[in-house]
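*Asks:* One structure coming up, written as structure tokens, with questions to follow.
The values are calculated or read from the model by the stated rules, or taken from the named source; none is laboratory data. Computed from a predicted model, the values in this text were never measured in an experiment. Methodologically, a virtual Cβ is constructed for each residue, glycine included, from the backbone with ideal geometry; neighbour enumeration extends over all protein chains shown.
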Amino acid sequence: MKAAILAQLQRDRAAKRPTVLVTDLDSNDERLVYPREPATLAGLAPAVADAIVTAAVADKSGVVEDGGRRYFLNVYNPPLRMIVVGAVHIAQPLARMAALAGYEVVIVDPRRAFATEERFPGVTLIGDWPDDALTALAPDVRTAVVTLTHDPKIDDPALTMALESPAFYIGALGSRKTHAARLKRLEMAGFEAPAMARINGPVGLAIGARSPAEIAVSILAQVTQALRQPAGTGNGTAADAA
């Protein structure tokens, strides 16, 4: 790898910028491209550009062929993170499932009695208020933010910070009535409809979930859909009676 390419790649990784190193296996030419920035794909054959986007979404490096030439696509994605606001019952199975799916999980809850090592062994726990916590955590394009408390004093500041970030997924627990009230509060805070449409509420895919574990499955499924099928993501619903 050329020194200039390596230096730029290090800067991109520090900035948590999804990057693909494209190497022409015939000429050994190298090029860094950014799948989320279409302008950087200019000049590439359509099949190669499509393969780069697909590889980045799948987190999978590999070889692509086009017009008799072969290219190696080396994917450098930032780590996956899930910030869960609210150390409630649903958060326990969700934290375990998300960790198994490759996410670094962070639980944010200023209520210290809920966010304990006994309830969340091996999980990063932050006892700050969500606006302070999310400011420090700085959600990026590989971060999912899920709020679970139903308490506007806790959920709303977290959603405000998430909406001001490039987080790839934002979800909030609550019934349709609860979510409508939430959107009204966010509108009064200055958010417009296109921004608020980023919130998946009620959170999770509509699979008829009832128990905390089932709702956690529906949430992780919707997060996975947003990550792996970003163009097809919509507001699904998990069953919850609040």
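*Asks:* Name the one entry in Glu104, Glu65, Glu117 that is out of contact with any Cys (no Cβ under 7 Å at 6 or more places or on another chain), outside the structural domain of Ser211 (by TED's automatic domain parsing) and at negative phi.
*Replies:* It is Glu65.
*Asks:* For the range 134-156, what are the residues that are assigned to a helix (DSSP H, G or I) and either surrounded by fewer than 17 Cβ atoms within 10 Å (Cβ to Cβ) or among the hydroxyl-bearing types (Ser, Thr, Tyr) (or both)?
*Replies:* Pass one, the range 134-156, residues assigned to a helix (DSSP H, G or I): 134-137, 152-156.
The answer is Thr135, Ala136, Pro152, Lys153.
*Asks:* Go through (1) surrounded by 15 or more Cβ atoms within 10 Å (Cβ to Cβ); (2) modelled with pLDDT of 95 or more and name the single condition Ser61 misses.
*Replies:* (1)
*Asks:* Here's something else I'd like to know. Which of the following residues is part of a helix (DSSP H, G or I), of a type in the set (A, V, I, L, M, F, W, C), more than 16 Å from the chain's Cα centre (by Cα) and at pLDDT 95 or above: Leu159, Leu183? Before the answer, list the steps.
*Replies:* Values: Leu159 fails: more than 16 Å from the chain's Cα centre (by Cα).
Residue meeting the stated conditions: Leu183.
*Asks:* Within the range 50-68, can you find the residues that are of a type outside the set (A, V, I, L, M, F, W, C) and in a helix (DSSP H, G or I)?
*Replies:* Once the filter is applied, which keeps residues that are of a type outside the set (A, V, I, L, M, F, W, C) and in a helix (DSSP H, G or I), the range 50-68 yields Asp50, Thr54.
*Asks:* Something else: Answer with yes or no whether Arg31 is of a type in the set (Lys, Arg), under 26 Å from Ala101 (Cα atoms) and surrounded by 14 or more Cβ atoms within 10 Å (Cβ to Cβ). Give the derivation first.
*Replies:* Numbers: of a type in the set (Lys, Arg): yes; under 26 Å from Ala101 (Cα atoms): no; surrounded by 14 or more Cβ atoms within 10 Å (Cβ to Cβ): yes.
No.
*Asks:* Of the conditions (1) assigned by TED's automatic domain parsing to the domain that holds Tyr169; (2) not in a loop (DSSP other than H, G, I, E, B), Val20 satisfies every one except a single condition; which number is it?
*Replies:* (1)
*Asks:* Hey, does the range 207-223 have a residue that's part of a strand (DSSP E or B) and touching a helix residue (DSSP H, G or I) at 6+ places or on another chain (Cβ under 9 Å)? Spell out the reasoning first.
*Replies:* Residues of the range 207-223 that are part of a strand (DSSP E or B), as a first pass: none.
Checked against the condition, which is being part of a strand (DSSP E or B) and touching a helix residue (DSSP H, G or I) at 6+ places or on another chain (Cβ under 9 Å), the range 207-223 yields no hits at all.
*Asks:* When the range 87-103 is examined, which residues are found to be buried (at least 24 other Cβ atoms within 10 Å of the Cβ) and either of a type in the set (Val, Ile, Thr) or out of contact with any Phe, Trp or Tyr (no Cβ under 8 Å at 6 or more places or on another chain) (or both)?
*Replies:* Scanning the range 87-103 gives Ile90, Leu94, Ala98.
*Asks:* If you don't mind, there's one more thing I want to ask. For the range 84-133, enumerate the residues that are aliphatic (A, V, I, L, M) and assigned to a loop (DSSP other than H, G, I, E, B). It would help to see each step written out before you state the result.
*Replies:* Filtering the range 84-133 down to residues aliphatic (A, V, I, L, M) leaves 84-85, 87-88, 90-91, 94-95, 97-101, 105-108, 113, 115, 123, 125-126, 133.
Selection gives Ala87, Val88, Ile90, Ala101, Ala113, Ala115, Val123.
*Asks:* Somewhere in the range 69-83, is a residue part of a helix (DSSP H, G or I), under 22 Å from the mean Cα position of the chain (by Cα) and within 30 Å of Ala209 (Cα to Cα)?
*Replies:* To start, the set of residues in the range 69-83 that are part of a helix (DSSP H, G or I) comprises none.
No, because not a single residue in the range 69-83 is part of a helix (DSSP H, G or I), under 22 Å from the mean Cα position of the chain (by Cα) and within 30 Å of Ala209 (Cα to Cα).
*Asks:* Could you list, in sequence order, all residues of the range 104-115 that are out of contact with any Lys or Arg (no Cβ under 6 Å at 6 or more places or on another chain) and surrounded by 15 or more Cβ atoms within 10 Å (Cβ to Cβ)?
*Replies:* Initially, the range 104-115 is screened for residues out of contact with any Lys or Arg (no Cβ under 6 Å at 6 or more places or on another chain), giving 105-115.
Scanning the range 104-115 gives Val105, Val106, Ile107, Val108, Asp109, Pro110, Phe114, Ala115.
*Asks:* I'm trying to understand the selection: among the residues of the range 21-58, which are at pLDDT below 90 and on the phi > 0 side of the Ramachandran plot?
*Replies:* Gly43 - this is the single residue of the range 21-58 that is at pLDDT below 90 and on the phi > 0 side of the Ramachandran plot.
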